[in-house]
């Protein structure tokens, strides 16, 4: 047991969640039980999780594949923001639509085989950056992202920067925030 586990403190290597599943059916029978469960990240953040809808889960709940895409997107954004702050780029908002794709990996097993990120970055009025520089910064963020580095050997990750004008919904979402 680590020293941080003994004292109840959390170190960089001790990032945990609590997961709880309870059977509601009379018995555990193949194809006849719910995978719905809760994941608690801390005292104030709990989400309902289930299998992906294609696997019989409730579309109203998050699923593990979405959670993986969310973790990658979130980590990439935080890394991008750290790099942008160092470069003194006045980022006003950041929007991403991350898409995870299921398929068979090289061993023939079902897995998330690819995650596409579609980041849209808006800057303060009057600031602009060359598309090539923005793309280079996105690739640097990918290179330094902890989650991307964790997945690097098994999941294809694409950063598909999309011009803001092509993503009207991104503008609406980021301005509403």
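Readers should treat all values here as calculations from the given coordinates under stated rules, not as data from a laboratory. Predicted, not measured: the structure shown is a model, and the values here were computed from it. Cβ placement follows ideal geometry from the backbone for every residue including glycine, while neighbour counts extend to all protein chains displayed.
So what are segment 64-176's ellipsoid semi-axes, whole angstrom, largest first, if each one is the square root of 5 times an eigenvalue of the alpha-carbon gyration tensor? Numbers along the way, then the final one.
Numbers: eigenvalues 144, 47, 25 Å².
Semi-axes, largest first: 27, 15, 11 Å.
What is the extension gain from residue 143 to residue 40, computed as 0.36 nm multiplied by their sequence separation minus the C-alpha to C-alpha distance, in nm to one decimal?
Details: separation 103, 0.36 × 103 = 37.08 nm, distance 2.89 nm.
Net length gain for the segment: 34.2 nm.
Among 16-23, 150-157, 97-104, what's the highest-first ranking by average C-beta atoms within 10 angstrom per residue?
Details: 16-23: 10.2, 150-157: 13.6, 97-104: 15.1.
The most tightly packed comes first, giving 97-104, 150-157, 16-23.
Taking the Cα-to-Cβ direction at residue 109 and at residue 47 and moving 7 Å from each Cα, how far apart do the two end points lie in nm?
2.3 nm
Provide the gained length on full extension for the span residue 127 to residue 101, in nm with one decimal, where the gain is 0.36 nm per separating residue minus the Cα-Cα distance.
Residue separation times 0.36 nm, minus the Cα-Cα distance, leaves 5.8 nm.
Just order 107-114, 118-125 by mean Cβ neighbour count inside 10 Å, highest at the front, would you? List each step's numbers first, then the result.
On the way: 107-114: 12.0, 118-125: 16.8.
Going from most to least packed, we get 118-125, 107-114.
Any chance you could get the radius of gyration and Dmax over the Cα atoms of segment 94-154, in Å?
Here Rg and the maximum Cα pair distance are 15.1, 51 Å.
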